[in-house]
1. Can you bin every Cα-Cα distance in the chain into 10 Å intervals starting at zero and give me the percent of pairs per bin, rounded to whole numbers?
2. Using only DSSP helix segments of four residues or longer, with each worth -39500 (n - 2.57), what per-residue ellipticity at 222 nm results for the chain after dividing by its residue count and rounding to 500?
3. What is the local net charge at Val92, summed over the other residues whose Cβ is closer than 10 Å to its Cβ (Lys, Arg +1; Asp, Glu -1)?
4. P(r) of the range 201-294 in 10 Å steps, Cα pairs, percent per bin?
5. Over its Cα atoms, what ratio of radius of gyration to 2.2 N^0.38 Å does the range 167-240 give?
6. DSSP loop GluC sites (Glu not before Pro) in the range 96-198 with at most 12 other Cβ atoms within 10 Å of their Cβ, which ones?
7. Using only the alpha-carbon atoms, what does the range 66-170 span along each of its principal axes? Please give whole angstrom values in decreasing order.
8. Can you list, largest first and rounded to whole Å, the semi-axes you get for the range 84-236 by taking the square root of 5 times each eigenvalue of its Cα gyration tensor?
Amino acid sequence: MIEHITPVIGLIGGSGLYDIPGLENREWRKVVTPWGDPSDEVLFGTLAGVPVRFLPRHGRGHPTPPSELNYRANIDALKRAGCTEVISLSAVGSLREDLPPGHFVIVDQFIDRTFAREKSFFGAGCVAHVSVAHPVCPRLGDALEASARGLGLPVTRGGTYLVMEGPQFSTKAESLLYRQWGCSVIGMTNMPEAKLAREAEFCYATVAMVTDFDCWHPEHDAVTVDQVVKVLFSNADRARALVAGVVPALGAPRGPCPAGCDRALDHALITAPEKRDPAILAKLDAVAGRVLRT
């Protein structure tokens, strides 16, 4: 018998993105997780009849820098809030001339250069290894691309997001190196978010919104803060329109994910059942409960 899933769409992004026209039944709720506090309360609501859950990645008012975000708590909170898929929206710098400010990139790969963040729900007492060879759900990517093109947004399907630690921006030498690696955009927030989303068996996709060229660009130094902020506001308006268009397209009941995102843990657990630490298992009740209960 084919399982039918009623989608609940999780959204992670900037504080202004939850002001989406048509969002009804809005209610901020505190979600308690065993991994600590998430960035903020979760905004519950419905859009075109589809349940959505929005989490401001840095908290309302942006009080938390990228390296201090509790990524595990954020993903766990969305799982406890009932989400089945997660769309992540983030501001990035461009590493390519053909991806100017105001452009959207539906990312399909990441290079993780972060080093100061907790990157897994699993560890001593319950070891697991998931595949992130293809970290983005193609079904979500298709829906996002269709919505963006339908709105006439400047969008590129596919690209590699280089995730740096921060909080400083890259040196020019680093920026040039990342261009040689074939990276498309650079930012500080989507790792380990994408890895944790896979461990939590979410269908996950990223929309990277270009605010400026990274420092490789000869005219980068001419960019002012005012110009970047102007692009940020413009991108936020476009992102709200994109979300308003894609959520109804994803809201119909569906079967299991064709890419297997929602079954990522089927063969990931390594620790023998009798050797698993009950304290760790208790913390994994939301993200890994499907496989731990079988």
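The values are calculated or read from the model by the stated rules, or taken from the named source; none is laboratory data. Not measured: the values here are computed from a predicted model. So basically every Cβ, Gly included, is an ideal-geometry build from the backbone, and we count neighbours across all protein chains shown. These accessible areas exclude ligands, DNA and RNA; they are computed on the full protein's heavy atoms, side chains included. Shrake-Rupley method; radii C 1.70, N 1.55, O 1.52, S 1.80 Å.
1. All Cα pairs considered, the percentages come to 6, 29, 37, 21, 6, 1, 0.
2. On the way: 7 runs with 75 residues, N = 294.
It lands at -7500 deg cm²/dmol.
3. Working: positive: none; negative: Asp212, Asp214.
Neighbourhood net charge equals -2.
4. 11, 25, 20, 20, 18, 5, 0
5. 1.30
6. Loop-located and lightly packed - Glu97.
7. Taking the Cα atoms of the range 66-170, the three principal extents are 49, 34, 24 Å.
8. 26, 20, 13
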